[in-house]
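Novice: For reference, the structure I am asking about is given below.
The values are calculated or read from the model by the stated rules, or taken from the named source; none is laboratory data. Predicted model only: the values in this text are computed from it and were never measured. No Cβ is skipped: glycine too gets one built from the backbone with ideal geometry, and neighbour counts run over all protein chains shown. We work out accessible area using only protein heavy atoms, side chains counted, and drop any ligands, DNA or RNA first. Shrake-Rupley method; radii C 1.70, N 1.55, O 1.52, S 1.80 Å.
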Amino acid sequence: MAELRVINRKKQTAPVSARRDASATIAQVVAGLEKIGLAMKSRTWRREGQAGLGPLQRQVLTLLRTKPGQRAQISTVANELAVRLPTASEVIATLERKQLIKRCRDMSDGRVVMAQLTAKGNRSCAPAPGMPDQLGTATATLSASEQVALLTSLVKVIRSLQKQGEISVARMCVSCQYFRPNQYTNADRPHHCDYVNAPFGDRALRLDCQEYEPASSAQASAAWVDFTGSRTA
Ligand code: SF4
């Protein structure tokens, strides 16, 4: 009887210890991500300080740099940076005074005002020549399979943050209307992109694609099930 009690206790404690291990791992991963975030932030702050730009000003310039024609509506800027419209307008006005941004009319609808990078603005947010890309260098130390595992893990983490409302826009394959996950048996390139009409693999998953078009929530949910169906969720 005493032996049975010991066995039962072992059976009950195993899941608790597994949960504790999982929480400890999650805490370490979060600490690691925070360290990377801090390192990137302090590097950006140093650079922003030299250029006389605030963090949000830098984000607006960088966002516009990724847009077709380097321009976007102010509401788009506010939405993609998850800030209020008056805040985005204020930052854009400041950048306009610094001649880093100019306002122009949308060519397809003259009533719509766009914010567009000036040549000076483009130069101010371009990667500094010769500046080593520390994060890229660090990522390059991973093996090819580790890089793919990290990329797919980031997709999952970003998607979860998006669902929690912490990231407003993530132009990722997994929520794109052109994404057809696991269409092929070829393990290297199982997915299909309808936009370019070509197969691709996990290593080419995009986190910020200019051709992205949002899928309906039903299509995105079904694609997510198909995408994660062949791997550990
Ligand atoms: S258009 Fe871009 S985001 Fe959409 S599936 Fe193709 S590569 Fe991915």
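Novice: Ala220 passes all but one of (1) open to solvent by less than 40 Å² (accessible area, probe 1.4 Å); (2) away from the ligand (no atom under 12 Å from the Cβ); (3) under 15 Å from Lys163 (Cα atoms); which number fails?
Specialist: Among (1) open to solvent by less than 40 Å² (accessible area, probe 1.4 Å); (2) away from the ligand (no atom under 12 Å from the Cβ); (3) under 15 Å from Lys163 (Cα atoms), Ala220 violates only (2).
Novice: Same structure again: Quick one: in region 146-182, which of the residues that are within 18 Å of Glu213 (Cβ to Cβ) and among the basic types (Lys, Arg) is most open to solvent (accessible area, probe 1.4 Å)?
Specialist: Ranking the qualifying residues of region 146-182, first place goes to Arg180.
Novice: Now for a separate question. So, restricting to strands (runs of 3 or more DSSP E) that lie completely within region 67-157, which ones have at least 2 residues that are in contact with a strand residue (DSSP E or B) (Cβ under 9 Å, 6 or more places away or on another chain) and within 24 Å of Ala170 (Cα to Cα)?
Specialist: Details: elements: 71-73, 101-105, 113-117.
Fully inside region 67-157 and qualifying: 71-73, 113-117.
Novice: Tell me whether region 157-164 contains one or more residues that are over 20 Å from the mean Cα position of the chain (by Cα), of a type outside the set (Phe, Trp, Tyr), at pLDDT 90 or above and more than 10 Å from the ligand (Cβ to nearest atom). Walk me through it before giving the result.
Specialist: Initially, region 157-164 is screened for residues over 20 Å from the mean Cα position of the chain (by Cα), giving none.
No, that holds for no residue.
Novice: A follow-up question, please. Do the conditions hold for Ser42, that is, is it under 26 Å from Ala126 (Cβ atoms), at pLDDT below 80 and of a type in the set (Gly, Ala, Ser)?
Specialist: Yes.
Novice: Considering every residue within region 52-62, establish whether at least one is open to solvent by 50 Å² or more (accessible area, probe 1.4 Å), farther than 16 Å from Asn122 by Cα, outside any loop (DSSP other than H, G, I, E, B) and in contact (Cβ under 8 Å) with a residue 60 or more places away in the chain.
Specialist: no
Novice: State which residue is farthest from Ser153 (Cα to Cα) when the search covers only region 183-197 and only residues that are open to solvent by 20 Å² or more (accessible area, probe 1.4 Å) and more than 9 Å from the ligand (Cβ to nearest atom).
Specialist: Out of the qualifying residues, it is Asn197.
Novice: Given Ile92, Ile36, which one is modelled with pLDDT of 85 or more and of a type outside the set (Gly, Ala, Ser)?
Specialist: Numbers: Ile36 fails: modelled with pLDDT of 85 or more.
On inspection, the qualifying residue turns out to be Ile92.
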